[in-house]
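Each reported figure results from applying straightforward, stated rules to the coordinates on display, with no laboratory input. Since the structure is predicted, the reported quantities are computational estimates derived from the model, not experimental observations. Here the Cβ positions follow ideal geometry from the backbone for every residue, glycine too, while neighbour counts run over all protein chains shown.
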């Protein structure tokens with residue numbers, strides 16, 4: 001393949017995915033506007049019209065913002081590649097540092113800093129304009145800055161050593177470097193599963209043991225019935241950033257933790273909380289987490305094999321606006337691969353979303369076997385209302401983007417589920 005051919009192919013995928021994303025967003029907004037005036041019959045006695053319309057307006061505002069973000073990210077990509085931004089940055093760093101590991105790490109770090117600065121106004125707008133306009137934002141500008149600084153420090157402490165190890169392996173482990181890189185990547189991901197709930201998450205939020213004895217007893221009974229062993233039950237102060245509510249479990253092995261947002265505890269009844277947790281436990285008991293990890297590890301292996309081939313091809317660098325002679329480095333190969341790969345895989349998104357929705361249905365069925373289905377339905381309805389989640393998504397947009405089934409289908413399946421004694 002020549003660099004010209006690769007450039008044409010990449011531009012085709014770039015423009016096609018860009019146009020399709022804009023088109024999907026337009027479909028989604030139009031579909032929501034059409035159904036804005038009436039609550040779907042299935043929810044008419046559960047969700048008031050003003051809440052339904054708020055969800056419609058909030059969803060449309062988010063899609064508009066996503067379209068702006070898409071335009072910005074696409075323009076940045078074009079500047080970095082075809083307009084020579086990466087080449088210029090590489091030349092500047094090479095003149096100061098010369099070729100070597102320091103140059104490679106600096107290239108990745110400086111590019112990360114530049115893109116973070118570009119994203120900063122968008123992140124600020126999302127939090128303090130969009131979320132604020134619909135009453136969801138609870139974050140202060142000070143907390144926004146503190147979170148940003150903590151994330152940057154974590155990126156340096158955790159990210160740069162990983163980058164150094166990967167680049168060292170790419171440069172010194174021979175033609176089969178991708179095997180060792182894959183093993184290191186998998187070990188890193190497994191380590192994060194252990195470190196996140198106990199070390200990383202507490203840097204951003206306060207976790208306190210669940211004090212409600214009645215609720216704790218109810219949950220411990222559910223854990224016993226489902227055979228789930230947990231390191232503890234915790235309440236997270238999510239309300240200091242947002243009014244959105246959720247529950248999740250994190251960690252791996254002995255580090256598993258069950259976490260409830262304080263907003264969820266305040267809004268749902270004990271039986272509804274139990275049903276939501278049963279759903280989350282369903283993901284674990286049905287091995288959805290393990291299956292997803294297997295898929296992620298398999299895909300990452302394939303990506304590393306492909307990168308191993310591309311980093312030896314001059315047309316790959318030249319086709320994306322980089323002189324292969326002056327910047328033919330492992331770091332540049334990593335950057336170009338990370339920039340280009342998502343555009344070639346965008347049209348596979350519905351496949352991943354389909355698998356995810358299948359898992360959600362299975363977790364709902366699991367919850368319905370251990371708790372009353374009606375409790376799960378009422379919990380979902382409250383969460384839809386509180387989080388302003390649209391009840392009328394465009395089916396095609398949903399197929400590309402939604403990891404959870406549409407509300408009507410999900411609630412319908414739950415209501416059709418006959419309770420089982422467990």
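Miscellaneous remarks
- Averaging the sequence gap over all C-alpha pairs within less than 8 Å and six or more residues apart, then dividing by the number of residues, gives the stretch 213-363 a relative contact order of 19 percent.
- The length gained by stretching the chain between residue 92 and residue 65 to full extension, at 0.36 nm per residue less their Cα-Cα distance, is 6.3 nm.
- Dimensionless Rg/Rh of the stretch 300-422 - Kirkwood Rh, Rg from C-alpha atoms: 1.24
- Measure of compaction for the stretch 143-239 (Cα Rg per 2.2 N^0.38 Å): 1.55
- The relative contact order of the chain comes to 25 percent, based on Cα pairs under 8 Å that sit 6 or more residues apart.
- Between residue 295 and residue 129, the C-beta separation translates, for a Förster distance of 25 Å, into a calculated FRET efficiency of about 0.10.
- Volume of the convex hull of the chain (Cα atoms only), normalised per residue: 146 Å³.
- Fewest-first ranking of 92, 322, using other Cβ atoms within 10 Å as the exposure measure: 92, 322
- Two-site FRET efficiency, residue 338 against residue 266, from Cβ-Cβ distance with R₀ of 41 Å, rounded to 0.05: 0.50
- Full-extension gain in nm, residue 287 to residue 53, via 0.36 nm per residue minus C-alpha separation: 80.5 nm
- Kirkwood Rh and Cα Rg combined as Rg/Rh, the stretch 1-76: 1.24
- Rounded if a/c under 1.5, otherwise prolate or oblate - the stretch 65-212, Cα gyration tensor axes: oblate
- Estimated FRET transfer efficiency (residue 408, residue 117; beta-carbon r; R0 51 Å; 0.05): 0.75
- The chain, helix-only ellipticity at 222 nm - DSSP H runs n ≥ 4, -39,500 (n - 2.57), divided by all residues, nearest 500: -22000 deg cm²/dmol
- Cα pair distances in the stretch 1-129, grouped into 10 Å bins until the bin that holds the longest one, percent each: 10, 25, 27, 19, 11, 6, 2
- Most mobile listed residue (90, 389, 326) in the chain, GNM with C-alpha springs under 10 Å: 326
- Taking the longest Cα principal axis of the chain as reference, the axis of helix 349-370 is set at about 30 degrees.
- Per-residue Cβ neighbour counts within 10 Å put 385, 132, 274 in the sequence 132, 385, 274, beginning with the fewest.
- Sorted ascending by nearby beta carbons within 10 Å, beginning with the fewest, 239, 403 become 403, 239.
- Rounded to the nearest 5, the antiparallel percentage of DSSP beta bridges internal to the chain is 65%.
- Most fluctuating residue given options 296, 273, 60, as computed from a GNM of the chain linking Cα atoms under 10 Å: 296
- Between 37, 275, 331, the Gaussian network model of the chain with springs among Cα atoms under 10 angstrom shows the greatest mean-square fluctuation at 37.
- Projected label distance in nm at residue 356 and residue 75, using a 7 Å step from Cα toward the beta-carbon: 2.8 nm
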